[in-house]
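K.L.:
Please find one structure pasted underneath; my questions will follow.
The values are calculated or read from the model by the stated rules, or taken from the named source; none is laboratory data. None of the values given here were measured: they were computed from a predicted structure. Cβ sites come from the backbone with ideal geometry, for glycine too, and all protein chains shown count toward neighbours. Heads up: the accessible areas ignore ligands, DNA and RNA and are worked out on the full protein's heavy atoms, side chains in. Shrake-Rupley method; radii C 1.70, N 1.55, O 1.52, S 1.80 Å.
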Amino acid sequence: MSRRWDVVIVGAGIHGAGIAQAAAAAGHTALVLEQNAIAAGSSSRSSKLIHGGLRYLESGQLRLVRESLHERKLLLRLAPELVHLQKFFIPVYRQTRRRPWQLRTGLSLYALLAGLDASAHFGTLPRREWAQLDGLATQDLQQVFWYHDAQTDDASLTAAVMRSAQSLGAQLALPAQCLGATLGADAVRVRYRHEGAEQECEAGVFVNAAGAWARALAHCIEPRPAVPALELVQGSHLVYEGPPQAGVYYVESPRDGRAIFVMPWRGKLLVGTTEVRFRGDPATVAPGAHEVHYLQEVLRHYFPRFRDAALAQPAASFAGLRVLPAGVGHAFHRSRETLLTIDRASRPRLLSVYGGKLTTWRAVAARALAMISASLPARAPRARTDQLELRAS
Ligand SMILES: Cc1cc2nc3c(=O)[nH]c(=O)nc-3n(C[C@H](O)[C@H](O)[C@H](O)COP(=O)(O)OP(=O)(O)OC[C@H]3O[C@@H](n4cnc5c(N)ncnc54)[C@H](O)[C@@H]3O)c2cc1C
């Protein structure tokens, strides 16, 4: 593989796969270097929601919510085997912080941003139907709102996007660890370890889509690019065996009011997530004992069957890392926008991806490609990513 590529991308997470798909669809040659496996990082450790993010309305992230809802609609059409609508329930108790009028306002705005189609409908569940809510605690329960959002299998979605990129001509080197890159006047020399040997290739543009490793990778680039102030925030989930649920429960942590999801997933129950500042090697991220207690507390509070010690132990757990803008205050309220940076305004050689959401990968990839297109040779486009179907296998 020692040749010149239009684009070399580091990372086969959702962003790396998405940018490879966008580049290949635009007719460019693209090589993806992945050190571990497709979706080995955060793209297999998310809450698996393709959603606008109702709670982002609270922090005024309207642009992000609108774009996410647009992408949700598109993915429901392009990837029906991988993305499906799911019913969400928001129970409101006497002590719930978000009051019914706030939820009604939020859901109305959410429906408006979703384009008021059938998936945007919401309402409240009649009291006689509360018994169908998987044993949800009903003491002090005042109302249960319902609406729709979408769920996916994040790792399978990422693999499907990667396959789509490959079907358009993108190449994947796996496992291949990028060791560094040197930005020249018109090309980038990329060094990587693959098949037991150190190798080199040339790229018109080098894309750093290394997720939680993006800062470490930036330190291996010459000349060293400026890196925005970022923080890694760990999020954990617990997995329980159990009967399928009626839908996703969107509840408040009784301890601090943070929104927590209790979700059906692959015939099991998934509860998450936490937010804990992380320092160290991203490869070592794992749920801490205090996070397990925090999530168990949520389950016990809302679903009394989990007060039984035998049922309280999860069958499995996992943790992933969010890349968020550094800042004071709770991570919960920080921007979930993807930050795309380039090394220079005209003819960039380096594009870096920081943070973002699984949901918006396609829109982000389209933006990324537009930002580097001046550095890429003219090619005949092969496809449009908003028309490419994604299959489960
Ligand atoms: C707990 C949690 C819950 C979330 N829930 C949701 C959700 O429900 N909905 C939603 O839309 N978003 C969600 N997100 C956000 C979403 O998961 C992430 O934004 C997204 O997966 C990040 O993808 P990525 O491609 O940027 O990074 P990653 O998926 O981490 O991919 C980076 C890849 O780069 C590779 N790599 C790193 N360094 C090198 C190197 N030197 N050489 C070669 N390869 C390298 C890694 O092995 C890895 O595979 C969640 C995130 C977290 C942490």
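K.L.:
Within the stretch 327-343, can you find the residues that are within 16 Å of the ligand (Cβ to nearest atom) and at pLDDT 80 or above?
P.N.:
In the first step, residues of the stretch 327-343 are kept if they are within 16 Å of the ligand (Cβ to nearest atom); the result is 330-341.
E337, T338, L339, L340, T341, listed by residue number.
K.L.:
Now a separate question. In the stretch 357-384, what count of residues is obtained for those that are β-branched (V, I, T), within 16 Å of the ligand (Cβ to nearest atom) and not in a loop (DSSP other than H, G, I, E, B)? Step through it out loud before you land on a result.
P.N.:
Residues of the stretch 357-384 that are β-branched (V, I, T), as a first pass: 359-360, 364, 372.
Still in the running and within 16 Å of the ligand (Cβ to nearest atom): 359-360, 364.
Within this subset, residues satisfying the condition of being not in a loop (DSSP other than H, G, I, E, B) are 364.
Number of matching residues: 1.
K.L.:
Next question, about the same structure. Condition check: modelled with pLDDT of 95 or more and open to solvent by 20 Å² or more (accessible area, probe 1.4 Å). Does S46 satisfy that?
P.N.:
On the way: modelled with pLDDT of 95 or more: yes; open to solvent by 20 Å² or more (accessible area, probe 1.4 Å): yes.
Answer is yes for this residue.
K.L.:
Same structure, new question: Would you confirm whether any residue within the stretch 8-16 is open to solvent by 30 Å² or more (accessible area, probe 1.4 Å), farther than 24 Å from F145 by Cα, part of a strand (DSSP E or B) and not aromatic (F, W, Y)?
P.N.:
No, the stretch 8-16 contains no residue that is open to solvent by 30 Å² or more (accessible area, probe 1.4 Å), farther than 24 Å from F145 by Cα, part of a strand (DSSP E or B) and not aromatic (F, W, Y).
K.L.:
In the stretch 108-135, which residues are polar (S, T, N, Q) and either closer than 14 Å to G52 by Cβ or surrounded by 12 or more Cβ atoms within 10 Å (Cβ to Cβ) (or both)?
P.N.:
Of all residues in the stretch 108-135, those polar (S, T, N, Q) come to 108, 119, 124, 132.
Scanning the stretch 108-135 gives S108, S119, T124.
K.L.:
Just checking, how many residues over the stretch 353-393 are under 30 Å from L54 (Cβ atoms), polar (S, T, N, Q) and surrounded by 12 or more Cβ atoms within 10 Å (Cβ to Cβ)? Write out each step before concluding.
P.N.:
From the stretch 353-393, those under 30 Å from L54 (Cβ atoms) are 353-371, 384-392; that's our starting set.
Going one step further and asking which of them are polar (S, T, N, Q), we end up with 359-360, 385, 387.
If we keep only those that are surrounded by 12 or more Cβ atoms within 10 Å (Cβ to Cβ) too, we end up with 359-360, 385.
Residues that pass the stated criteria total 3.
K.L.:
Within the stretch 344-356, take every residue that is within 25 Å of the chain's Cα centre (by Cα) and in a loop (DSSP other than H, G, I, E, B) and give me the one that is nearest to A210 (Cα to Cα). I'd like the intermediate steps shown before the answer.
P.N.:
Just the residues of the stretch 344-356 that are within 25 Å of the chain's Cα centre (by Cα), to begin with: 350-356.
Checking the rest, the ones that are also in a loop (DSSP other than H, G, I, E, B) come to 355-356.
Working: G355: 10, G356: 12 Å.
Among those residues, the one meeting the criterion is G355.
K.L.:
I would also like to ask the following. Tally the residues that are among the charged types (D, E, K, R), out of contact with any Gly (no Cβ under 7 Å at 6 or more places or on another chain) and surrounded by fewer than 20 Cβ atoms within 10 Å (Cβ to Cβ), restricting the search to the stretch 289-320.
P.N.:
Here is the first cut: in the stretch 289-320, the ones among the charged types (D, E, K, R) are 291, 297, 300, 305, 307-308.
This time we only want the ones that are out of contact with any Gly (no Cβ under 7 Å at 6 or more places or on another chain), so: 291, 297, 300, 307-308.
Next cut, surrounded by fewer than 20 Cβ atoms within 10 Å (Cβ to Cβ) only: 297, 300, 307-308.
Qualifying residue count for the region: 4.
K.L.:
Would you list the strands (runs of 3 or more DSSP E) that sit entirely within the stretch 185-269 and hold 1 or more residues that are open to solvent by 70 Å² or more (accessible area, probe 1.4 Å)? Show your work before the answer.
P.N.:
Details: elements: 188-194, 197-208, 230-241, 248-252, 259-265.
Filter on the stretch 185-269 gives 188-194, 197-208, 230-241.
K.L.:
What number of residues within the stretch 195-213 satisfy the criterion of being more than 13 Å from the ligand (Cβ to nearest atom), closer than 25 Å to L339 by Cα and hydrophobic (A, V, I, L, M, F, W, C)?
P.N.:
Final tally of qualifying residues: 2.
K.L.:
If you go through the stretch 85-94 one residue at a time, do you hit one that is over 16 Å from T360 (Cα atoms) and within 14 Å of the ligand (Cβ to nearest atom)?
P.N.:
The first filter runs over the stretch 85-94 and keeps only residues over 16 Å from T360 (Cα atoms), leaving 85-94.
Keeping just the survivors that are within 14 Å of the ligand (Cβ to nearest atom) gives 86, 88.
Yes: one or more hits.
K.L.:
Tell me, yes or no, whether the stretch 30-43 has at least one residue that is among the hydroxyl-bearing types (S, T, Y), buried (at least 23 other Cβ atoms within 10 Å of the Cβ) and near the ligand (Cβ under 7 Å from one of its atoms).
P.N.:
For the stretch 30-43, residues among the hydroxyl-bearing types (S, T, Y), buried (at least 23 other Cβ atoms within 10 Å of the Cβ) and near the ligand (Cβ under 7 Å from one of its atoms): present.
K.L.:
Would you please list the contacts, defined by Cβ atoms under 8 Å and residues six or more apart or on different chains, that run from a residue in the stretch 310-329 that is of a type in the set (D, E, K, R) to a residue that is crowded, with 17+ Cβ neighbours inside 10 Å and outside any loop (DSSP other than H, G, I, E, B)?
P.N.:
Close Cβ pairs (under 8 Å, with a partner that is crowded, with 17+ Cβ neighbours inside 10 Å and outside any loop (DSSP other than H, G, I, E, B)) amount to R322/S42; R322/L232; R322/V233; R322/Q234; R322/G235; R322/A331.
K.L.:
Go through the stretch 111-141 residue by residue and tally those that are closer than 30 Å to L62 by Cβ, modelled with pLDDT of 95 or more and part of a loop (DSSP other than H, G, I, E, B).
P.N.:
Number of matching residues: 2.
K.L.:
Filter the stretch 148-168 down to the residues that are open to solvent by 20 Å² or more (accessible area, probe 1.4 Å) and under 15 Å from the mean Cα position of the chain (by Cα) and list them by number. Show your work before the answer.
P.N.:
If we filter the stretch 148-168 for residues that are open to solvent by 20 Å² or more (accessible area, probe 1.4 Å), which is where we start, we get 148, 153, 155-156, 159, 163, 166-168.
Correct list: D153, A155, S156, A159.
K.L.:
Considering only residues that are assigned to a strand (DSSP E or B), under 22 Å from L324 (Cα atoms) and hydrophobic (A, V, I, L, M, F, W, C), which ones fall in the stretch 270-302?
P.N.:
Just the residues of the stretch 270-302 that are assigned to a strand (DSSP E or B), to begin with: 270-272, 276-278.
From what is left, the residues that are under 22 Å from L324 (Cα atoms) are 271-272, 276-278.
Passing the criteria: V271, V276, F278.
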